[in-house]
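S.K.: Take this structure first; my questions come after.
Coordinate-derived values only; no laboratory data. All values reported here derive from a predicted model rather than from experimental measurement. A quick note on method: Cβ atoms are made from the backbone with ideal geometry, for glycine too, and the neighbour counts reach across all protein chains shown.
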Amino acid sequence: MKKIALTLFVLAFSFAFAHEFWLNPDRFWYRKGETATILLQVGENFQGAKWKGTITRLTYYFDKQVKNLNVVVDTATRSFKMNTEGEGTQMLVLQNKPSFIELDAEKFNAYLQEDGLEEVLAFRKKNGLEKTKGREIYERCAKLIFQVGEKKTGHFKQITNLPLEIIPLQNPYAVRKAQAMNVGFRILFQQKPLAGIKVRFWQKIQGELFKNEAISNEKGEVNFKFAPSGKVMISAVKMIAHDKPQEADWHSYWASLVFGYEK
């Protein structure tokens, strides 16, 4: 009975607090000038619920150009439409208005453990805070890489100055369809390589989910091997002390990078 109760708690905790956020397009390959529909989703395992946050930055990288987009988010579907421009490997970047959350001590500690935030957990234990609630400001740093036409270009590796960002070291679209590939990713925090962070890999192919994780090296890099199929998300979270203790104890940054091969 205790084991069942613990399992139910972990499932409930994961659903409520360990959510990823990502930009989910209607597909990943477009013809020049086609309209893309982008869903704003939060959840896990590519099972997304509607994200109801507020966008503060939406930047489109294409054809050696950078454009800040003003879009209308459909309130019912939590999605927006955008016209693709030019050709090549293109990128969309989103930041949100930071949000506040307060969790009781048990849930906050479990969340820290689940997401590999060992430094914060150790700090709480060392300072006798493990039984205190967690007050947190959190914000999203999301990237979507997609392909317009057949031309492969370098926007996928551009530094976008997100607080926390994930950058592929190779173009994920510049591979043969049947070829498995080993792709490196660099994690930057405040534009500097971030070592020792847990990085998660998610791939969904025809309804089947594949997961992996790795810890970044001294260069802030990890590698994942996968076949170019379905859709892929790389995610990471970094938490630091909040600079205004009267508002919150901690500030977390949730980064996601999504790309895929569905046409």
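S.K.: Apply the Karplus parameterisation 6.51 cos²θ - 1.76 cosθ + 1.60, with θ equal to phi minus 60°, to every residue of the stretch 71-84 and state each ³J(HN,Hα) to the nearest whole Hz, in sequence, with x for glycine and proline.
M.R.: 10, 9, 7, 5, 5, 7, 9, 6, 9, 9, 10, 9, 8, 6
S.K.: Then there's this: Based on DSSP H runs of at least 4 residues, each adding -39500 (n - 2.57), what is the mean residue ellipticity at 222 nm of the chain after dividing by all its residues, to the nearest 500 deg cm²/dmol? Write down the numbers at each step before the final one.
M.R.: Details: 3 runs with 35 residues, N = 263.
The per-residue figure over the chain is -4000 deg cm²/dmol.
S.K.: Return a whole-number percent for the relative contact order of the stretch 2-260, with Cα pairs under 8 Å and 6 or more residues apart as the contact set.
M.R.: On the way: 601 pairs, mean separation 48.6, N = 259.
Relative contact order, the stretch 2-260: 19 percent.
S.K.: Just the number, please: Stokes-Einstein D of the chain in µm²/s, Kirkwood Rh from C-alpha pairs, 4 °C, 1.567 mPa s. Please report the intermediate quantities before stating the final value.
M.R.: On the way: Rh = 19.2 Å.
After rounding, the answer is 67 µm²/s.
S.K.: Under a 5 Å amide H to amide H cut-off, with H placed in plane at 1.01 Å, what residues pair with residue 170 once short-range neighbours are removed?
M.R.: Result for residue 170 returns 184.
S.K.: For residue 151, what residues show an amide H to amide H distance below 5 Å, using hydrogens built from the backbone and excluding near sequence neighbours?
M.R.: 88
S.K.: Within the chain, which whole H helices from DSSP have a Cα span along their axis of at least 20 Å and a mean Kyte-Doolittle hydropathy of 1.6 or more, if any?
M.R.: On the way: long enough: 2-17 (22 Å, 1.71).
TM-like helix candidates: 2-17.
S.K.: Continuing with this model, one more query. For the stretch 65-130, list log₁₀ I(q)/I(0) at each q in 0.14, 0.17, 0.26 Å⁻¹, using the Debye formula over Cα point scatterers of equal strength and ignoring solvent, two decimals each.
M.R.: Reported log10 I(q)/I(0), two decimals: -0.71, -0.78, -1.22.
S.K.: Would you kindly derive the ³J(HN,Hα) couplings of the stretch 58-66 from the backbone phi angles with the Karplus curve 6.51 cos²θ - 1.76 cosθ + 1.60 (θ = phi - 60°), listing them in order in whole Hz, with x for Gly and Pro?
M.R.: Result, ordered by residue: 9, 10, 10, 10, 7, 6, 6, 10, 10 Hz.
S.K.: Can you tally the lysine pairs in the stretch 45-98 where the Cα-Cα distance is under 19 Å and the two residues are eight or more apart, or on different chains? Don't skip to the end; give the middle numbers.
M.R.: Numbers: 50/81; 50/97; 52/81; 52/97; 67/81.
So the count works out to 5.
S.K.: If the elastic network links every pair of Cα atoms under 10 Å, which of 72, 237, 42 fluctuates the most in the Gaussian network model of the chain?
M.R.: Evaluated over the chain, the most mobile residue of the options is 72.
S.K.: Right, another one. Where in the stretch 134-168 is the amide nitrogen less than 20 Å from a point lying 7 Å along the Cα-to-Cβ axis of residue 244?
M.R.: Answer for the stretch 134-168: 134-141, 163-164.
S.K.: Once phi is turned into ³J(HN,Hα) by the Karplus curve 6.51 cos²θ - 1.76 cosθ + 1.60 with θ = phi - 60°, what whole-Hz value does each residue of the stretch 252-263 show in order, with x for glycine and proline?
M.R.: Karplus values, whole Hz, x for Gly and Pro: 10, 10, 10, 9, 9, 9, 10, 8, x, 10, 8, 9.
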